[in-house]
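Here is the structure we will look at, set down as structure tokens.
The values are calculated or read from the model by the stated rules, or taken from the named source; none is laboratory data. Remember, predicted model here, so these are calculated numbers, not experimental data. Every residue, glycine as well, gets a Cβ built from its backbone with ideal geometry; the counts of neighbours run over all protein chains shown.
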Amino acid sequence: MHGPASPGWLLFALCAATGVYCLLRVGSAVGEQRRAAGGEALMGFGMAAMAVPAAVVTPPRWAWLVHAAVFGAVAVRALWAARTSPLHLHHSVSTLAMVYMASVMAAAPGPHGSHGPTGVPAVTGALLLYFTGYVLWAGLRLIPVAAVAGGTEAAGAAGAAGWRDRPELVRACRLSMSIAMVAMLLAL
């Protein structure tokens, strides 16, 4: 988060591209994907905004507070939706992590958020453990076991589904945002 220029721009590009893909998924024919896509697009664009290198722009304190308020509202909505879908529980953790990071950035005395010499706070450590575990779990789910076992039949079914409704692309999107979240938490 507002770290060195090269990694910051790479993180920005990853998050922005993920946000664009999720925004395009809003037009999906699958209702559950359509509902989740808007929140995931907001996450991608919010993370991209946080990743812009500080040499380019250093947002004022109030911008971080607005960021925290927006993601706080999204977290409440995701927590409400988590009653019916476990996917929304992950969205809740993700949006609460965004609230936490924006709050740390708002409270930081300088242009960069930092934990200083005291070490990593418990919340950051817990979020790092969660997102690292999620990255490993989601990465394993991308292994194409069904495609290898199903041969050409699985490939034909995936092509017929349409690019917006491809579950492996949705999983890759969520995986990339979780990887970016780990990178941002480490840079916090």
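Some values worked out for this structure:
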item: Region 12-33 residues that are of a type in the set (A, V, I, L, M), paired with ones that are not in a helix (DSSP H, G or I) (beta carbon under 8 Å, 6 or more apart); result: A29/G162
item: Residue list for region 1-57, filter: basic (K, R) and modelled with pLDDT of 80 or more; result: R25
item: Candidates A37, A48, A13 - the one that is under 14 Å from V74 (Cβ atoms) and part of a helix (DSSP H, G or I); result: A37
item: Residue within region 144-151 that is within 24 Å of E32 (Cα to Cα) and modelled with pLDDT of 85 or more present; result: no
item: Any hit, region 61-78, residues being in contact with a Gly (Cβ under 9 Å, 6 or more places away or on another chain), among the hydrophobic types (A, V, I, L, M, F, W, C), surrounded by fewer than 18 Cβ atoms within 10 Å (Cβ to Cβ) and modelled with pLDDT of 90 or more; result: yes
